[in-house]
Every structure is written in structure tokens, then in C-alpha cells.
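The values are calculated or read from the model by the stated rules, or taken from the named source; none is laboratory data. From a predicted model like this one, the values you see are computed outputs, not experimental measurements. Please note: Cβ atoms are built from the backbone with ideal geometry, for glycine as well, and neighbour counts cover all protein chains shown. Side chains are part of the model used for accessible areas, which takes the heavy atoms of the whole protein and leaves out ligands, DNA and RNA. Shrake-Rupley method; radii C 1.70, N 1.55, O 1.52, S 1.80 Å.
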Amino acid sequence: MSVETQQTGGGRFPSWIGQYLRDHLLLAVIVVLFAVYPFLYDFLTGQFGLTAQMILPRTRTMLTILALGLFAMSFDFISGYTGYLSFGHAAFFGIGAYFVVLGHNGQLPVVPAETSFMLLLLIGALVAVIAAFLIGLISFRLSGVYFAMITLGIAEMMYVASNNWGFLTPGTSDPTEGVAAGSPTDVGFFEPMVGVPFVEALQVEIGPFGDESILGISVGDPQIVSYLAIGAVVLLCYLMMKRIIHSPFGRVMIAIRENEERAKAIGYNVFYYKMGAFMISAFFGAVAGALFVGYEGAIDPTNSFFFLVTGFALVAAIIGGLGTLAGPFFGYIFLEGVEEFLSREGSGGGLQPFLEQNLPGAILDTDIAGLTINEALSAFMTGHGDFYAGIIFIIFVLYVPIGMLGTLRNRYGTDSLAKYVSAGVEKRLPSSDGETAATGDDD
Amino acid sequence: MLRTNRLTKRFGGITATDEVTFELGDKLTSIIGPNGAGKTTFFNLLTGALTPTEGTVELKKDGGWVDITGMDTHETAQMGIHRSYQITNVFPTTSVLENVRVAAQAHGSNSVRFWRNVNNFDEHYEEAYGILDRVGLADKAEVPAENLSHGEKRQLEVGIALAGDPDVLLLDEPNAGVSSEDIDAVKAIIEDVATDHAVLLVEHNMDIVMDVSERIVVLNQGAVIADDKPENIQGDPDVQEAYLGGYEAGDLEARRQDTAASQGSGTEPDGGGLA
Amino acid sequence: MIDALTPLALAETVDLLTSPSDITGVLIEGLAKGSLYLMIAVGLTLIFGLMDVINFAHGAFTMYGAYIAGVAVLALGVGSMGFIGSLGTFLIIMIVVFVLLAVLGVIFEVTLIRKLYEYPTIFMILLTFGITITMEELMRMIVEFRDINNGQWDIGWDSPRQATLPSELGGTIEIGFLNFTGLQLMQILMGVGVVVGIWAFLNKTRYGLFVRAGVEDEEMAKALGIDINRTFTAVFAVGSGLAGMAGVMLMWDPLWDVNVPLALAVLLPAFVIVIVGGLGSFKGTVVASFLVGLIDALGTWAFQTGVITFTDIDQLMIFAILVVMLILRPRGLFGVKGQGDHG
Amino acid sequence: MSFLELEGVHTYYGESHILEGVDLHVDEGEVVALLGRNGVGKTTTMRSIMQLTPPADGSIRFQGEELVGKDTYEVADAGIGWIPEERRMFGRLSVEENLRASVPDTSAMGESLEFAYDTFPILRERNDQRAGDLSGGQQQMLAIARGLIGQNDILLVDEPSEGLAPQIVADVGEALLEASDSVSILLVEQKLGLALDLADRYYVMDHGKIIDQGDTAGVTAEDEQLRRYLSA
């Protein structure tokens, strides 16, 4: 992530890079901010202690956000841009994640044990593309709610299968427990290398026990190295998806979302474009799953194939802005931020540890209706981020349906793509039989 | 340019299009007819949105006739038949320019390119700007389509149909819902596009039909009942009968007296009509 | 692994087909399961058919029903008041839960859902999904705070069942080769009762007539003087109440756990039923409920007898039905063309 | 004060301006025809009265009471019945259920049904059939019956003869004639002869405005001026 930006001043690159960066100043600034975040976090928490810890998500949390945020972006790629709600998108996340683990453990035919992580990530993503092709063949005969439900149904079948299929976990007895890379002892340790394959200098090992330096610069903490390496891959994926959206192909996707009937009438075989978009989104969804497992080292059905994995991508997409690509990523930061702000003690900062340290005990122990403030906090806030996230989500659906980034772009941006929501609403408004209504009397 | 042979479409027991044999040439031709005459069904058969029960649709391509019966809408569009819609049917939140540009892009193979920025395909932008000039929307190029006035949306509707250089343009009530002040603008566009396209127009506004058409085809209950120059259509008794008839004045009075005389129950309708 | 038809499995299958008590056992369990599914799914169908609302919060209503009932039976000491007394109290609890959740449904309908009627269907999915997240987390807070599960998080809360289920219902009744538990009988009776009740509501009451008219043509119904918004509210109340009632029934059923994830666990099969039956079709929902119930029972039986060693084969089959149905008949068994197909 | 009165009614569908200031009135006991070509706003006028597409501007009063801003069901309760184009039966409901749903006062249910069946005996014969299975003419009878037993003071009838065979057209016409003995009617009808036979007065509409009006007594279906307004 930091590679491109930190070295722009060097003059070793052709001039178009400078031009590109000037054109995408905002993007560059955001990338730099993300790149320096772990250092900033360390610095700020060092300076301000719990205050900073309370507000800022930890680097560890940011690592999770990178993978899940990429997943939310891939969900938005198909759902936000073509309008087809991929309610079973978790299937691709799961495929990517499981493929890496099983591939590493040598349980997959053809794939030799201990195949390099980057290769597994790519092949797994291609497997997801094939799966998307098959699912799409069935599902794109339907639209609207039916499309959402059939994709959900297929993903749930995979979830049930991953919960029960003994093949997934030859070493342990219960597939619901999930599977860890390198867990059967005859397989070597899981040492995922992220970077350019076959170029030693451009690879780092990620994971809690990975490298402590990146590009020859020591940062002293494998977590930060993993964060930067995974972040670079996520950035690359984001740029690729963004490029596709701004290509002629991407414009057809948007045309389909806006008005599929008219897109057909002007000569597009929309089925091919929908399939293409679905397969591309599956690719990046699987990459997200692979990156997730790259750091975690293990995966289980509930955090891969389960419906709520898609559900929270959807929540993130709405809060961030459906059809803004980057919005869902920020939506995820927001979600996880709320979660961590209200997290339990022992898992980083948050509201309660902060208050406990900073408020006088007398206030915390004030008794209101048989409950002290501290008790109330621990009962009704700490660890219940989802409750507040849910309420925020409802407020967004009702009052800010185009999300944070959608609103920002509407207000300040030039190429706003996020306004279809308002149009969708308007389209429905005249009356349920707007068709004949639009021209009054008619045949 | 486009011809049909005994084109028929039945929905259950109703014949919406009844053995229509028709050829569209260079003359600006209008289709008119009372409610339910089957004009929109006929359009849908031509573009492939509906599959005919019987009969064929053929398009003149490079001097020969090509059978396009049963093709899908995107295929007929690729063949060169484009249409506008009676109900505004544009891409609402994209810019006016993009609405036309994406239509222009549909022809050729550039649309499958997903690795190059769309801004590198100048030809589509040039075509789109040209069309916006033609339909009088050049100064609205950056406005999202949903923010146009109704009249401007109708202009855009025609603009989208124009993109990709079609041979045949089917315009379905380009004036629908246009307020009185804006009608002239749309009329001028119809006359302009007819100079270099074969145009088939469905329209309710008789002033416009009589004014712009060189030929008028009258449909009633799915069948062609008249096909002539506008001046001959006006006042044609068959046409007036189709619009206003189907009932003999004084009939009710006569029946009422009958019923009163016989004291019977004359009101027992059986079957008939729309099933 | 799915050990397809090994010789053993073949033998077991033959056993099933030749053993009347096995067949009827599977049938009865299928009917009992189907009845439970029906109670959950019928509310979803009514709400969707009239209002085009895909209610993701429906499962949360069932979960609330189960918790409220669990607390109530323990607090009132059901089980220690004799069979009739226990059963009577249980039924009263059921009615109270119905009313409570119907009121909750009305509150949601009037304050939130009504705002989005004019929006595309997807917004309703988003809104009700938000409601379900919030409701689940709220219940989690309460459970944790009151220490209802005694600190056991993921483990089902089965003390209300163990402590209060009258032995008459838990035990097996044998009539000829019919073998069933009292609870199964009760569930089937409840299922039949719900079918008859809803059928009567739709076909014999004035409100039901309005509902059916509104399902077909909302605008025309309004133009005939029917206050369709009030009808919406009433239907949402009935649907929510039924979801809660199903939760009360689940609380005593050994096949289900009372816990927060129950919300999703019942919601997804209910969706399958509603779609397989045809979105908005009452008849379809009834048929699909029993179809899914039977397949569920068959899958469970196959696992228990070792024909198949795949634990959740029943769930897998339920979703497989959904997928196959959407491929073969996208509108479901009794779906009407155009119903629910909103872009 | 007129029975039903529209004054300067402007109505939009989205941004399309359909009614550009409609003024018309119907007196008690009158049958008034609203004539005009396709797409000039006749149906929209009726939908505006019903508040199905509420006007953006203008006033619609019924028996002195302002309707603009009310809910559609309140307009119906006030005594206005709408018999739309295409009839809009509840196709999966039986004939009798269609009728039952239209009677506002349940205590009058029995006599209302009797009245409907007496007026249209065919409906009694088919009372337990699905309305969707009726023929077009029978559906039109049912639609009119729905309007009649809804305790309405005025019926808005839109293209009642559309798509019907000539014999059936006359039957429908007769039904409307009978209905006009007990209620006022605002009628949209393309068959000029039928419209003139039924109506006491007429309005001609073009481009969302009333451009002509008069007594039907003074004109025939052969009237050149009218035919030019309404035909090719």
C-alpha cells in the first residue's frame, strides 16, 4: 500500500505516474493515511493513552477490516452497480478462504500441499469465478427478490455442507469448528507470503508470526507488516474494480442497473454482461476470503459461508453508500469502529475502560433504579455494538439511503454514480401501475 | 427497409395483431388507430419484444431481405432497428451524455473491454455529442437524465434511439405527456430524423400526425383498415367509424321501447367481447 | 460424506418402506414439523402477499415469542399444575404472546415500515434486516443481563422445556402401528387450527375479503372505499402474532433450542417455504410447509438410521428444494405471475 | 353550487403535465360525457377526482366538500364510485365477493346484493364463479353493479364499451341508462353515438384542457365539428 506513494518524489518513474497522482490526489492522501495508520495509532495512543485507544480502532481490527472491506466492495461491485442483489455472496468469500486452507493442507486434488499462498489465492479466486458462472447460469434467469433468494439458497447449501462435510476436516472431528491451515501435523507450517511471486525481495510473510520488515525496512511488528502487505493487495483489487467500472464494460453494468429493458433495446445482450460482472465480483470476493485466512490461519463456516457474512457486507454497503465501490469499505470501518468502541475489556480500548479510568468511582457507582452506571454500561453497551449498528443502519435506510460516500459525492463530486436510489424511489412513486399512468388515457 | 408478411399475434382468444402485411419505405409513416388497436403490440413484434404467433418480419440489409422474426430485442437493435418508448424509458441517474454514449457504444465490440478507461473511446463521445446537438440537448449534456423536464426527456428518448446509426427508427408516441408549449421542439426533431432514417411513428396527436406524415396507416382491432396519404385519411368514413363507431345512435332508445313492450328481460348478455 | 446407497443403506430403506410404523413415524414427525413451519411461514406469506414486504424480522418475532414463553412457563410453574392446568396455562400464554407480538408488529408497521411502502422492495428487506439485527442484539443484552441462560451463550436454553413439559406430552402414544408423542399431536392440531383459522379469516370475515381484494388490486380496493392502510396494519399484526405463537410452540419442542440465533434458524426455512409455495399464496404456503416438514423428517430419519452420515442433510435438502423450485418454477407451486416480481 | 365541481385542476405524472387546468361540473341527476382523443387526460381527470393521482393545483369539490388532500378511500366513502377502464375486477374473488367488498354498510348487505342481482340477473347465475372467468361484457356489468351498490351518488365511468362486441355494447349502454335513473354519471366514452345517447351534456377535452362543451340535445353523432375533435 505504501509502495507507490512513498516513492513518488524519487523521479525514478515515468511522468504519467505523477500526472495520475495529481489527478487522484484525494485517493493518494487516503492511501497514505491508511499506510501510516499503524504508526499513527502507536504514536497517538502513546501520547494520549486511553483517549486515543477509545476512539481509534486497533491495527488488528484494521487488518480484519481490510479483508472484510474488500469483500464488501466486491459485493457492491455486483449489487450496487448492476442492481442484482447477490445475497449469497458469502459463498465466494468461503470458497476463497477454504481453498487456501485446504490447498495448503494438500487436501485438494491436483493442488500439491504447501502450494504458495499467492498461487492458492489466485486459483481459489478462479474457482470462485467458475462457481459464479454456474450459479449465474441458474440465477440470472430470475431478477429482483427471486435472484436474491436463489443466490442465498445456494450459499446456505454451501454453509450447511461446510458445517457437515467431514472431508473438510480430516484431522478434527467436527467441521463446524472450522479448519486451520497446517493443522494435520504432517503438513508444513502455514507461512503465507504476500507479494510478487518468484521475486524474493517483493514478498513478505504475513500472519501473527510473519516478517517484521517490509521491503528491507524493519517495522518491528509482524502485525503492521501484514497490514501493509494485505493493504497493498486490497488497494490493487480496489483499483482494478474501479478501472472496470470506468471502462465501457462497467458503463454497461450501470446501464443495466438503471434500466435493463432499455439496455437490451439499445443492443446489449445483458445476460453476458451480468454474468461477466458476477464472475468478476466473485473473483474479488474470493480474494477477500483468502486474505482473511492469510492472517487468521484458520476459517470456520460461520465466519465464511454464513448468511450474516453477506448481511454485514450489505449493512456496510448501505452505510457507506451502495454503488460507490469505496463506500462499503468505509462502511465497514464505521461498523467495526462502533463495535470496538463498545467492545469488552481486554480486547483493546473502548468506552467502558475509558470511563472507568477517567470518571470518579462515585459517579460510576451512582445507583439509578437499582443499577449503577457502570453496571448499566456493561449490560447495555459493552459488547453490544451490533445493537447500535443496527439502529444506525435503520436510520440510514430511512433517511440516508445513498449512504455516507453517496451523500458526499452527491454534494461535492462530479461523477456521482450513487443516485440511483432516489431514482428507484421516484420510479415507483407515481402509482403501482405507472405504466399506463404515465400518459393518461392510452391503449 | 422493413416489411412484415401476414404478421399475427394472439393473446389467448384475442387477436392483437391480425395478418398485417406492411412495408416501410423512405416516407415518414405514422400508425394511428383507436385505443386497443394494437399499435404498441405491432411495435413490440417488430423489435422482437414479442414473438409473433404467425407471419414474418424482414429487414433490408445490404440490398437483400433478412428474416428477423423471433430475434431478441438486443439482436434486432444490433441489426439496425431502434425504438423510442411511449413512457420515458431512459437511464435516470446517468448524465444525458452518458445515456446517448452508452447507446452509441452498443454497436461494435468496445463494450466488452473492461481494462481501458471509457474516456479513451473518443468515437462514442463524438457520436453522442453529435446526437445531442441534433435533438437539441447539447447544453444539457452533464445533467442527470432524471433532472430534465418532461419535454427534454422525450427529446433524449429519441436521442438514445438515434445512437448507433440505426436504419429504421420506431418512435412510440414521442409527444406523450409533452405540454403544449414543448410540442414544436419534438415535432421538429421527428421531421429532422426522418431525413436520413426510415421512420415509423405512433402518435395520438392528430395535428402532428397530419402535419409530419407522408403516409398514414390506420389500425383497428389489430388489422390495417386504411393506408394512404394524410389528406385521404382525414374524413375517411372507415377511419371515423373505427374511432367513433361501433354503436348506432338511437339504439338505446329503440331497445328500451322494445323491452318495455315485451316486458321481457332484454339484458342477458352472453359471452362475447373480452373473455 | 454422503455415502450414497451402500448395501446397508439399501437394506434400511427397504426396512422403512416395509415397516408401517417407520413410515407413519416419519409421516407424523413430518406433519408435526410442517405444522411448526406453517405457523411461522403463514405470517410471512400474508404480509408479503398484501404488502410486498419481505419481512426479515419475522424470525426475531418467533425468537421473542420463545423467550417470553420460556420465562412465563417457568415463572408460572407450568408442569406442576396437572396436565389440564399446565396445558391451559400454556394456551393462555400463547394467546398473550400472540397479542404482545401483534402489538409490537403494529408499532413497527406504523412507525417504520409504513414510511417505505412506495420504495422498491429491496428497501423493505434492508429495513427489516436492520430491525432483526437490533432485536436480536437487544434480546442478547437482556438475556445476558438477567443471566437467563445462566451464562451459557451458544447452548440452547432448554430448562423451560425440561422443567415444564407435562409428561403426558413428552411421552409416546401408541395406537396400532401409529407411534407419536403428545407434543407431535398437539403441534399437528395447532397446525390444522392455524390453517382453518387463517382460511376462515381470509374467506369468512370482512377483513379477510379486504385483504384478498387488496392483494389483487390495491388501488381498486381503495377506490371502493376500503382503508387499505388499516388492513395492512391488521395483517402485519396477525402475521407478527403468529410468528410469536410459533415461538411459544418451539419452546417445548426438543428439536429446537431457545437461543438468539433461533431468529435466523427459523427465518431461512420459512423463506424457502414461502418461495416454494409461491410468494403470497396461502394455499402454496400450506402445501410447501408440509412438503418441507416431510423432507425434513425424512432427512432426519435417514441420518438417525445411518443411511446417510451427513448430520444436517435435512437442512441441505430444504435449500436444495428452494434452488430446484426456482429453476423449474420461479413463481413457486401456486405463485401468480407478476406477484412479487419487482425488478 | 354544483354537485361535483372541478376548478383549475392541474395534475402531473412525475414531471409530465397531464391536466393543464380543467374546469367542469356535474349537476345532481345529470349524465355528463367527457370526450376527447386518446391521451388528452380524460382518465387522469377521473383519477384526480378519486385522489389516485392527486392534483398539484386546483380544487375538486363534491357536495360542497373539498376532496383534494383526502385519501382515496375517503373519496369513495363520500359517495363517488369509479368504474375504471379495463374494469379492474378482483379476478380471483368470486362475483359475490366482488360485490360484498363494494358495500360499505354491512347491515345493507342483503338488499344490496339482491338489488345487484335483480339489475343484472346474469350475475346471480354466476355468483360463485371467479370474476376473472367472466366475459368482458359480464365483467362490465359487475363493474357497474359494484358502482351501484356502493351507495354512491355519482359514478365515474371510463370507456365502458371498450373491447366489447356491438351487441354487448348496447347491453352495457342500457345498464348505464338504468343506472342514471338513480345516480349522476361522468362518462368517458369513445363511441360518440353512445356517449351522446346517454349524456345530457358533454365536454370536449384536448391537451389537458376543456376546449368545448354543450348540450347533447343540439348535436348528433354526425356533427362535423365534434368528429374533427375526436377522430383522425
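The table that follows gives values for the structure above.
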{"quantity": "Residue match in segment D:141-154 (condition: on the phi > 0 side of the Ramachandran plot and within 16 Å of the chain's Cα centre (by Cα))", "calculated": "yes"}
{"quantity": "Residues being more than 30 Å from B:Y85 (Cβ to Cβ) and surrounded by 22 or more Cβ atoms within 10 Å (Cβ to Cβ) - total across segment A:262-280", "calculated": "1"}
{"quantity": "Any hit, segment D:24-46, residues being more than 11 Å from every other protein chain (Cβ to nearest Cβ) and more than 17 Å from the chain's Cα centre (by Cα)", "calculated": "no"}
{"quantity": "Residue check for D:Q129: at the interface with chain B (Cβ under 8 Å from one of its Cβ atoms), at pLDDT 90 or above and more than 21 Å from D:K42 (Cα to Cα)", "calculated": "no"}
{"quantity": "Members of segment B:1-20 found to be free of Cβ contacts under 8 Å to residues at least 60 places away in the same chain and open to solvent by 80 Å² or more (accessible area, probe 1.4 Å), listed by number", "calculated": "B:R6, B:R10, B:F11"}
{"quantity": "Segment D:196-222, subset under 27 Å from D:E178 (Cβ atoms) and of a type in the set (A, V, I, L, M), residue modelled with the lowest pLDDT", "calculated": "D:A221"}
{"quantity": "Residue that is of a type in the set (F, W, Y), outside any helix (DSSP H, G or I) and within 13 Å of chain A (Cβ to nearest Cβ), where the choices are C:F271, C:F334, C:F310, C:F303", "calculated": "C:F310"}
{"quantity": "Selected residue (criterion: farthest from the other protein chains (Cβ to nearest Cβ)) from residues of segment C:82-105 that are hydrophobic (A, V, I, L, M, F, W, C) and under 15 Å from C:H58 (Cβ atoms)", "calculated": "C:F98"}
{"quantity": "Helices (runs of 4 or more DSSP H) wholly inside segment A:1-102 containing at least 3 residues that are at pLDDT below 80 and hydrophobic (A, V, I, L, M, F, W, C)", "calculated": "A:15-23, A:50-55"}
{"quantity": "Count of segment C:83-103 residues which are open to solvent by 40 Å² or more (accessible area, probe 1.4 Å) and free of Cβ contacts under 8 Å to residues at least 40 places away in the same chain", "calculated": "5"}
{"quantity": "Single condition B:I81 does not satisfy, out of (1) closer than 28 Å to A:M241 by Cα; (2) of a type outside the set (D, E, K, R); (3) more than 9 Å from chain A (Cβ to nearest Cβ)", "calculated": "(1)"}
{"quantity": "Given (1) surrounded by 17 or more Cβ atoms within 10 Å (Cβ to Cβ); (2) among the aromatic types (F, W, Y); (3) assigned to a helix (DSSP H, G or I), number of the condition C:Y119 does not satisfy", "calculated": "(3)"}
{"quantity": "Number of positions in segment B:15-44 that are away from every other protein chain (no Cβ under 14 Å) and among the aliphatic types (A, V, I, L, M)", "calculated": "3"}
{"quantity": "Any chance D:R37 is open to solvent by less than 40 Å² (accessible area, probe 1.4 Å) and basic (K, R)", "calculated": "yes"}
{"quantity": "Residues (free of Cβ contacts under 8 Å to residues at least 40 places away in the same chain and open to solvent by 20 Å² or more (accessible area, probe 1.4 Å)) located in segment D:3-26", "calculated": "D:G14, D:E15, D:H25"}
{"quantity": "Residue under evaluation C:V276, criteria (1) open to solvent by less than 30 Å² (accessible area, probe 1.4 Å); (2) within 9 Å of chain A (Cβ to nearest Cβ); (3) free of Cβ contacts under 8 Å to residues at least 60 places away in the same chain, criterion not met", "calculated": "(2)"}
{"quantity": "Cβ pairs under 7 Å, 6+ apart, first in segment B:218-236 and more than 18 Å from D:R227 (Cβ to Cβ), second in a strand (DSSP E or B) and not hydrophobic (A, V, I, L, M, F, W, C)", "calculated": "B:Q221/B:D18; B:G222/B:T15; B:G222/B:T17; B:G222/B:D18; B:A223/B:D18; B:A223/B:E19; B:K229/B:R215"}
{"quantity": "Residue that is nearest to D:G29 (Cα to Cα) [pool: residues in segment D:165-195 that are open to solvent by 20 Å² or more (accessible area, probe 1.4 Å) and at the interface with chain B (Cβ under 7 Å from one of its Cβ atoms)]", "calculated": "D:L177"}
{"quantity": "Elements of type strands (runs of 3 or more DSSP E) in segment D:164-232, at least 3 residues being over 14 Å from the mean Cα position of the chain (by Cα)", "calculated": "D:201-206, D:209-215"}
{"quantity": "Among (1) modelled with pLDDT of 90 or more; (2) open to solvent by less than 50 Å² (accessible area, probe 1.4 Å) - the single one B:E191 does not satisfy", "calculated": "(2)"}
{"quantity": "Residue ID - farthest from B:K187 (Cα to Cα), chosen from residues in segment B:131-143 that are without any contact (Cβ under 8 Å) to a residue 40 or more places away in the chain and surrounded by fewer than 16 Cβ atoms within 10 Å (Cβ to Cβ)", "calculated": "B:D139"}
{"quantity": "Which listed residue is in contact (Cβ under 8 Å) with a residue 24 or more places away in the chain and open to solvent by 10 Å² or more (accessible area, probe 1.4 Å), from D:E111, D:E85, D:E125", "calculated": "D:E85"}
{"quantity": "Residue count, segment A:312-344 (criterion: more than 13 Å from every other protein chain (Cβ to nearest Cβ), in a helix (DSSP H, G or I) and farther than 21 Å from A:G83 by Cβ)", "calculated": "8"}
{"quantity": "Of all residues in segment B:111-129 being among the aromatic types (F, W, Y) and open to solvent by 10 Å² or more (accessible area, probe 1.4 Å), the one that is nearest to the other protein chains (Cβ to nearest Cβ)", "calculated": "B:F114"}
{"quantity": "Residues satisfying the stated conditions in segment A:260-311, i.e. of a type in the set (D, E) and not in a helix (DSSP H, G or I)", "calculated": "A:D300"}
{"quantity": "Count of segment A:205-219 residues which are open to solvent by 50 Å² or more (accessible area, probe 1.4 Å), assigned to a loop (DSSP other than H, G, I, E, B) and of a type outside the set (D, E)", "calculated": "4"}
{"quantity": "In segment B:92-110, residue surrounded by the fewest Cβ atoms within 10 Å (Cβ to Cβ) [restricted to those that are in a loop (DSSP other than H, G, I, E, B) and facing another protein chain (nearest Cβ under 7 Å)]", "calculated": "B:H107"}
{"quantity": "Residue match in segment C:145-159 (condition: in contact with a helix residue (DSSP H, G or I) (Cβ under 7 Å, 6 or more places away or on another chain), in a helix (DSSP H, G or I) and crowded, with 18+ Cβ neighbours inside 10 Å)", "calculated": "no"}
{"quantity": "Hits in segment A:316-325 - residues which are hydrophobic (A, V, I, L, M, F, W, C) and open to solvent by less than 10 Å² (accessible area, probe 1.4 Å)", "calculated": "A:A316, A:A317, A:I318, A:I319, A:L325"}
{"quantity": "Those helices (runs of 4 or more DSSP H) lying entirely in segment B:158-266 with at least 1 residues among the polar types (S, T, N, Q) and farther than 27 Å from B:N5 by Cβ", "calculated": "B:237-244, B:251-262"}
